[in-house]
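Just below is one structure, and these are the notes that go with it.
The values are calculated or read from the model by the stated rules, or taken from the named source; none is laboratory data. Predicted model, so just to flag it, every value in this text is computed and none were measured. Backbone-built Cβ (ideal geometry, glycine too); neighbour counts: all protein chains shown.
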Amino acid sequence: MEPEAKFKAREMPDYKHFEPAKTSKPRVTFAEFDLKTEARATRRQTTLPEPQAEFKAREMPDFKAKTSLASSCSSKRLTQQEPFEFATDRRMASRDAPRATEEPRVTFKAREMPDLSNKRTPKKTPAKAATKAQEPKLHSEVRSRSRAEFDR
């Protein structure tokens, strides 16, 4: 029978417990975040201006009775049309007046019509001779023949 091997663990090292260093600064405390929305809402309600007197418009005129409108329109003088002319029209007329009296300097002259009476036929290229099939010359066959001659 084999002797049993005993397991022996190493001793536990002596760790010193962590102790935080004491500081003179005050500790951080929790405070709920405040957006001041309620304070702003109450301030806004207290500073609202008092309602002003209501707006009152004039009564709608009676358009069915034409007498009131006709009398107010008849007292006004009607506008008269005055003839007008654009400055650009005057400039263009003064520019075109000398040109209308002159004869045109350049006369149009068309090219002559080509003579299509003789029908030209395109030159035909001579036909090439038909390609003749040849046996391929393989290097392996050439080498085998030369080797056969060498062996003799």
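Can you tell me which residue is modelled with the lowest pLDDT among those in the range 33-63 that are part of a loop (DSSP other than H, G, I, E, B) and within 48 Å of the chain's Cα centre (by Cα)?
Residues of the range 33-63 part of a loop (DSSP other than H, G, I, E, B): 33-36, 47-63.
Within this subset, residues satisfying the condition of being within 48 Å of the chain's Cα centre (by Cα) are 33-36, 48.
Working: PHE33: 77, ASP34: 77, LEU35: 81, LYS36: 83, LEU48: 65.
Going through the qualifying residues, I end up with LEU48.
Of the residues in the range 76-90, at least one is outside any helix (DSSP H, G or I) and at pLDDT below 80. If you check ALA133 against the conditions, is it assigned to a loop (DSSP other than H, G, I, E, B) and either modelled with pLDDT of 90 or more or touching an Asp or Glu at 6+ places or on another chain (Cβ under 8 Å) (or both)? The answer is yes for ALA133.
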